[in-house]
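This report refers to the structure that appears directly beneath it.
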């Protein structure tokens, strides 16, 4: 299974990936970790003396694009470890085990934490990354102090899920990724602050390259997960969910009341779409800094 449809496409994506990392505005280190499912690429930023914060991106993007407006502010408070998910359009490279068997998230996360030399960490993720940090916390509750899930909701059996809507919102633009359609898609996915995408030339170019060159079937090896009420009880004290009220994928009317009834902290950002941490970067950065430290006081032993 190829991650990119062609070698030329991969080269284009990786070139603009490197350019986006320079837009982070903070010194970074990049490295690869070997795991049971292939090579996992990570980007580090911020002093290693600060609390570690694992960052996970969504399905059709990568670390370079996802954290371009967040890394500098967050790196003042955390040691950032941005993970390119295996199977995604970043610099991680899956092996034959991933291609044959798919991802065992608990094993992969455990190997990441051990390979990084991290005993305990915070975690945050956007869209598919929102699901990954939930799986991470449930799998390793003694090692994850707290999570922030963005552009997503708790993956509980009792909370609405709209997988068909998630797929159709990208159509028809994603099928014909011209420059015009790339812009139209980003406008569709965003709220009132779409300019953070459309006025950044490198983001526009990179996003268009991902639409053209990434083989999205490569991410189907990641199993979805819906937690029971008992499993999801951990979210009430050590998780925060951020969602925009213009998010055509994650938001539904009344979701705030559902989360409130479940006792799960949440914030609904007005006039904000699926690119929540880009569209409302300052708000998201400050909320993450404040709440993750608060959740750290609630760590429980595994």
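For this structure, a couple of remarks:
- Averaged over residues, the count of other Cβ atoms within 10 Å places the peptides 255-267, 37-49, 70-82 in the sequence 70-82, 37-49, 255-267, highest first.
- Only helices enter the 222 nm calculation for the chain: every DSSP H run of n ≥ 4 contributes -39,500 (n - 2.57), and dividing by all residues gives -11000 deg cm²/dmol, rounded to 500.
- When P(r) over Cα pairs in 10 Å bins from 0, in percent is computed from the coordinates, the matching label among (i) 6, 28, 34, 21, 8, 2, 0; (ii) 6, 25, 32, 25, 12, 2; (iii) 6, 30, 39, 23, 3, 0 is (iii).
- Length released on extending from residue 175 to residue 202, taking residue separation times 0.36 nm less the Cα-Cα span: 7.6 nm
- Between the stretch 134-198 and the stretch 226-302, the alpha-carbon center distance in angstrom: 13 Å
Computed from the coordinates by the stated procedures, all read-outs in this text should not be read as laboratory data. This structure is a prediction, so every number in the text was calculated from the model and none was measured. Ideal geometry is used to build each Cβ from the backbone, glycine not excepted, and the neighbour counts take in all protein chains shown.
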